[in-house]
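Undergrad: This structure is in structure tokens; I'll ask about it shortly.
The values are calculated or read from the model by the stated rules, or taken from the named source; none is laboratory data. Predicted model, so just to flag it, every value in this text is computed and none were measured. Virtual Cβ from ideal backbone geometry, glycine too; neighbours counted across all protein chains shown. Just so you know, the surface numbers come from the protein's heavy atoms only, side chains and all, with ligands and any DNA or RNA stripped out. Shrake-Rupley method; radii C 1.70, N 1.55, O 1.52, S 1.80 Å.
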Amino acid sequence: MRTTGSDDKTTHPGLTISVYRLDPATGQRTPLRPARHVPPADEPAFSLAFPPCECPRCAGRVNR
């Protein structure tokens with residue numbers, strides 16, 4: 001696997017999430033919610049489910 005420049009960094013600035021409506025005619029953004037900064041997680045997520053699934057099929061897997 002190829003490494004990138006970001007692989008060398010030990011910290012990540014996190015994400016900024018904005019919710020807005022885009023006018024297709026003018027391209028103008030209208031904010032629907034205030035922008036929110038989400039800090040990086042302490043550990044990587046091992047599952048795409050949130051919260052991790054507890055059903056019998058998923059609960060038996062080691063890597064959840």
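Undergrad: Enumerate the pairs (first residue in region 36-61 and among the small types (Gly, Ala, Ser) and open to solvent by less than 90 Å² (accessible area, probe 1.4 Å); second residue anywhere and modelled with pLDDT under 75 and not in a strand (DSSP E or B)) with beta-carbon separation below 6 Å, excluding pairs fewer than 6 apart on the same chain, so at least 6 apart or on different chains.
TA: SER47/ARG64
Undergrad: Also, quick follow-up: Is at least one residue of region 3-16 among the small types (Gly, Ala, Ser) and at pLDDT below 65?
TA: Among the residues of region 3-16, at least one is among the small types (Gly, Ala, Ser) and at pLDDT below 65, which makes the answer yes.
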